[in-house]
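Have a look at the structure below, then the notes.
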Amino acid sequence: IVNNWDEETLRNIFLGYGEEKFSRVIAKKIVELRKEKPIESTFDLVEIIKKAVPVWYRHKRIHFATKIFQALRIAVNDEIGALEEGLEKGFQRLEHWGRMAVISFHSLEDRTVKRYFRDLGNEKLVYIVTKKPIKPSRKEILRNPRSRSAKLRIIEKI
């Protein structure tokens, strides 16, 4: 992807799947520097991102390249498409009064689940058990820091 896809597509992936505010300059820098030498490792890509973003951005709580790698992973694995397909197939198999619980780990996934559940609710096919997502408690986050972004949503088929 990083060695072949055009600048606009890269920017759209970084912005859409990574919600990266510097998506435009990062995509531009990738296209510019890959002409000199192909990107062969994650370290190469991190160095390019480092050159593209402001110095202050490199010192945030979350690593400055995290959103780019997230976006690439989502694009490569078609994770949003797979999630949509899984939600649909899961709902089709659900018995009446059966419950579907989904845990999402980033905003793009959560938005997809929220919209799907809302649409089913609007069609009067489900009762939305959790109006707001259930989030981990402070105690749980301290025990398991990776749970910090988890959101649980539940529906019940009518």
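The values are calculated or read from the model by the stated rules, or taken from the named source; none is laboratory data. This is a predicted model, so every value here is computed, not measured. With ideal geometry, Cβ positions are generated from the backbone for all residues, glycine too; neighbour counts draw on all protein chains shown. With ligands, DNA and RNA removed, areas are computed over all heavy atoms of the protein, side chains included. Shrake-Rupley method; radii C 1.70, N 1.55, O 1.52, S 1.80 Å.
Below, the figures for the structure above:
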item: Surface share of carbon and sulfur [accessible, 1.4 angstrom probe, percent] for the stretch 17-158; result: 54
item: Å² of accessible area per residue within the stretch 1-94, as computed with a 1.4 Å probe and no ligands counted; result: 62
item: Simple Cβ-charge dipole of the stretch 34-90, Lys/Arg +1 and Asp/Glu -1, about Cα centre, in debye nearest 20; result: 540
item: Pair K132, K51: separation of 7 Å Cα→Cβ label points (nm); result: 4.6
item: Extreme residue, positive dipole direction of the stretch 1-155, given options N144, F91, I13 (C-beta unit charges); result: N144
item: Potential lengthening between R99 and R58 on full extension [0.36 nm per residue; Cα-Cα distance subtracted]; result: 10.5 nm
item: Equivalent ellipsoid semi-axes - Cα gyration tensor, the chain, angstrom; result: 36, 19, 12
item: For the chain: relative contact order, % (alpha-carbon pairs under 8 angstrom, 6 or more apart); result: 20
item: Under-5 Å amide H pairs with T130, H placed in peptide plane, nonlocal only; result: I154
item: Of the chymotrypsin sites (Phe, Trp or Tyr not before Pro) in the stretch 68-140, those whose Cβ has at most 15 other Cβ within 10 Å and which sit in DSSP loop; result: W97, F105
item: Charge dipole (debye, nearest 20) of the stretch 33-158; +1 at Cβ of Lys and Arg, -1 at Cβ of Asp and Glu; result: 820
item: Gain on full stretching of the segment that runs from D119 to I1 - 0.36 nm per residue minus C-alpha separation; result: 39.1 nm
